[in-house]
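The values are calculated or read from the model by the stated rules, or taken from the named source; none is laboratory data. Keep in mind that what you see is a predicted model, and the values were worked out from it rather than measured. Don't worry about glycine lacking a Cβ; one is built from the backbone with ideal geometry, like all the others, and counts go over all protein chains shown.
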Amino acid sequence: MNIGFIGLGRMGRGMAANLVKAGHEVTVYNRTPGKTGDLEALGARVGISVAEVCQGGAVMTMLANDEAVESVVFGKDGILAGLPKGAIHISSSTISVALSDRLADSHASAGQRYVAATVLGRPDVAAKGELFVVAAGAEDAVRDAAPLLDVIGKKTTHFGDQPSRANLVKLSSNFLLASVFESLGEAIALVSKAGIDRSEFLEFLTTTLFDLPVYRNYGALIIEDAPAPVGFAAPLGFKDIRLAIAAGEALRVPMPLAGLLHDRFVELLANEGEDRDWSEIGKLARRDAGESVGAAEPARGDFVLV
C-alpha cells in the first residue's frame, strides 16, 4: 500500500520502519528535520510537506499532543486538505476525546475516513512490531487499515465505530500506569523507611501477587536513586492525566485518584522534572518520607510503557 507516516519520535520511527520492511511504499515526514536518515536507508521516501505524504490510500500520524495533531490536520496544506476522498487517516497519537470526535466529523465531511489506533508498548516493542493496538472507527475503515495495524502490533482490539473510544481506552490505560507508579512508590517508601531492602521487597512483589511487567520494569526504576532513563517524558504523562480528567468531567465520572496524580506531576515538574521520565512521580513518596533520592542528570533511553 502507498502510505504516508507523520511523526518520527521514539515510537514513530520504529512503527514507520516496520511498515517499510513489510513492503509498503512509505513516505515519511517529521516537523523537526534530521530524523529520517535511518528510514531512508531502509527505502522510505522523505516528504518535504504534509501534503506530499497524503497522496496514497492512508496516512498514519504519531504525534505528541492535540496541538501537534491540529497543526498537521487542519493547517494550510494539511491532511484534511490533501488526503484523497475515501483514503484513511490513522491516528495513533494520544489525544483528547474531544479532538478525536472533531477529527471524525471533519474527515467525514471531507469524504475521508478516520480510524483512531492508539498503541500500548515501549519504543523497543514498537521497533519489534509488537505493540498492542486499540482501534476504533467504521468497520470498513478498520478492516482496510488492518494490514497496517498488523505490521505495527501483535494484537489489535476493536472498540467500536466511534473513533474516540480508542482514545478514551488509551487515556484510561495511562491513568492506570501512573496509578501504579504512585501506589508502588508509596509502598516502597513505607518499607524502605522501616529498613527493609527495596530490592528484596520488589523481588517479593514481582514473584508473588504482582508478577506483571509494569511492576517489574517500573519498580526497578522507582527503587533506584538515579533518575530513570527518559522514555516517556513527564510533561507528556501530565498531559495524559489532564486529558483523562477532562474526559471524566465530560462524562460526569469522578476521578479523585487522577486529581492526586495531577498534583504529583505538578510537583515533579516544579522540581526540575521537565526532562525526567514520567515514572519519576513514583519516587516522590520517598522524598516526602525524608529519604535522599539522587539528583544526577537523567539518562536518555527507550524504557517506557505507554
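Observations, loosely collected:
- Among the residues making up the range 121-137, those that are at pLDDT 95 or above and surrounded by 19 or more Cβ atoms within 10 Å (Cβ to Cβ) are G129, L131, V133, V134, A135, A136, G137.
- The range 213-236 residues that are of a type in the set (D, E, K, R), paired with ones that are modelled with pLDDT of 90 or more (beta carbon under 6 Å, 6 or more apart): R216/T206
- In the range 102-137, the qualifying residues are those that are in a loop (DSSP other than H, G, I, E, B) and under 20 Å from the mean Cα position of the chain (by Cα), and the one that is farthest from G9 (Cα to Cα) is G137.
- Here E40 clears all of (1) over 20 Å from the mean Cα position of the chain (by Cα); (2) over 24 Å from N167 (Cβ atoms); (3) buried (at least 20 other Cβ atoms within 10 Å of the Cβ) except the condition numbered (3).
- Residue in the range 17-37 that is surrounded by the fewest Cβ atoms within 10 Å (Cβ to Cβ), counting only those that are touching a Ser or Thr at 6+ places or on another chain (Cβ under 9 Å) and not polar (S, T, N, Q): R31
- Failed criterion for T94 (all others in (1) surrounded by fewer than 16 Cβ atoms within 10 Å (Cβ to Cβ); (2) under 24 Å from E249 (Cβ atoms); (3) among the β-branched types (V, I, T) hold): (1)
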